[in-house]
Ligand SMILES: [Zn+2]
Ligand SMILES: [Zn+2]
C-alpha cells in the first residue's frame, strides 16, 4: 500500500509500505478520512523533520484486525485515533500528575518506540489499540476525522479557567479558532468576539455562534464599544504567529487572561510591562487526554459543537501536496481539508 510522507520543504513522497498486521496490543484500522492539520502545513513549509507518525494525526476509520490480546475493540468497530490513557507508572504519573503522563506525551509527539512509520495519509495503519476511541454512531466518518482538532480546543478551553458570563475574544478563525469559539460558548461565555482577516472565515464564525466578528484592524474599537473600554476577560490565541501573542494580551482587561493554543514556531517579541501591569494570567495547552476525546465526542454528537461546516473539501493522496501548498499560501479558501486515502 502507498502512504504519503512529508519529506522536506514542499515535498510529499508517496512511499510503498507492507500492509500492516497487528502485533501485541495493536489494532489495524482501515482509514476513512485523515484531516490536514496546521502542523502538517508547518512541516511542509519548514522542511524540518517531523516524526512521520504525526504527519496525518487526525483520522477516523474502521478496525479491520486486532491482536489476540486486545479485547476492548474488535473488527468492524468505528474508531478515531486518540492518545492512550495515562499509564500510571511513569515519573509524572507516580508523582500524581497523570495529565502530563510521559506515555501520552510520547504518543502526541510520535516519539514512542512503537510509533507507526507513517501517519494517517494511508489506507491502513497499525497502532496501539489503547489509542483508539470508539466513534459515536451519530457521527459521520467526516465528522469523526475532525474530533482530534476539536479535542485540542476542548482541552485548551478546560484549562483556560473561563467563567460563566465572561466576555471572550478568539483570535483566528481557522479550524482551531472555530472549534474554540464553540467550546467557549458551551462553557457559558456571555459574548465571543472573533478576530479574523478572511471574509469567508468571519462568515463561518457567525454561522458557528460568534456574537460579533471583526478584523485585526478594527478589533480594538469593537472591543472598547462592547466592554466600555475595559477589554476582554479572556483572549484565546489561535493564530500561531509570533506577533499575535502580544496582541492577545493587549486585548485582555487588567486582571484578565490569555490562553495560548496556536503554535508559533519562532521567538515572539512581547512587552513585559503590559503583562505585569495587567496581572495577566496565561494558560497554555498542548494536545489532550484520552478522556477528553470521549467528552468531545459526546458534545459533538449532541450538536452543541458542529464540525461539518468547517469541512471545506476532500482530496486524495495524490492531491495532498497541492492541498498543503494551498493551506500554507495565506490566501486559501479552505478551512478543513480531509484526505480520503482510498480514492
Ligand atoms: Zn492537529
Ligand atoms: Zn504515565
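The values are calculated or read from the model by the stated rules, or taken from the named source; none is laboratory data. Everything numeric here is computed off the predicted structure, so don't read it as measured data. Note: ideal-geometry Cβ built from the backbone for every residue, glycine included; neighbour counts use all protein chains shown.
What are the residues in region 90-119 that are near ligand 2 (Cβ under 8 Å from one of its atoms) and in contact (Cβ under 8 Å) with a residue 12 or more places away in the chain, if any?
90, 98, 101, 102, 103, 104
Just to be sure before I move on: is residue 248 more than 30 Å from residue 14 (Cβ to Cβ), within 15 Å of the chain's Cα centre (by Cα), at pLDDT 95 or above and surrounded by 15 or more Cβ atoms within 10 Å (Cβ to Cβ) in the structure I sent?
No, not satisfied.
Under 7 Å between Cβ atoms, which residue pairs at least 6 apart in sequence (or on different chains) link something in region 36-50 that is under 17 Å from residue 322 (Cβ atoms) and touching a residue at least 12 places away in the same chain (Cβ under 8 Å) with a partner that is within 12 Å of ligand 1 (Cβ to nearest atom) and in a helix (DSSP H, G or I)?
Taking only residues 6 or more apart or on different chains, the pairs are 37/149.
Residue check: is residue 81 assigned by TED's automatic domain parsing to the domain that holds residue 31, more than 16 Å from ligand 2 (Cβ to nearest atom), within 18 Å of the chain's Cα centre (by Cα) and within 16 Å of residue 22 (Cα to Cα)?
When the stated conditions are applied, residue 81 passes them.
Helices (runs of 4 or more DSSP H) wholly in region 83-169 with at least 1 residues that are surrounded by fewer than 17 Cβ atoms within 10 Å (Cβ to Cβ) - which ones?
Result: 91-94, 102-109, 147-160.
Being in contact with a helix residue (DSSP H, G or I) (Cβ under 8 Å, 6 or more places away or on another chain), modelled with pLDDT under 95 and over 26 Å from residue 110 (Cα atoms) is the filter here; which residues of region 305-342 pass it?
Result: 332, 333, 334.
State all residues of region 297-333 that are in a loop (DSSP other than H, G, I, E, B) and more than 16 Å from the chain's Cα centre (by Cα); if no residue qualifies, say none.
302, 303, 304, 316, 328, 329, 330, 331, 332, 333
Please note which helices (runs of 4 or more DSSP H) are completely contained in region 212-296 and include at least 1 residues that are touching a strand residue (DSSP E or B) at 6+ places or on another chain (Cβ under 7 Å) and under 29 Å from residue 57 (Cβ atoms).
Per the criteria, 243-251.
Which of the numbered conditions does residue 228 fail, given that it passes all the others? Conditions: (1) surrounded by 18 or more Cβ atoms within 10 Å (Cβ to Cβ); (2) assigned by TED's automatic domain parsing to the domain that holds residue 216.
Against the list (1) surrounded by 18 or more Cβ atoms within 10 Å (Cβ to Cβ); (2) assigned by TED's automatic domain parsing to the domain that holds residue 216, residue 228 comes up short only on (1).
With respect to residue 56, determine if the residue is part of a loop (DSSP other than H, G, I, E, B) and touching a helix residue (DSSP H, G or I) at 6+ places or on another chain (Cβ under 9 Å).
Against the criterion (part of a loop (DSSP other than H, G, I, E, B) and touching a helix residue (DSSP H, G or I) at 6+ places or on another chain (Cβ under 9 Å)), residue 56 qualifies.
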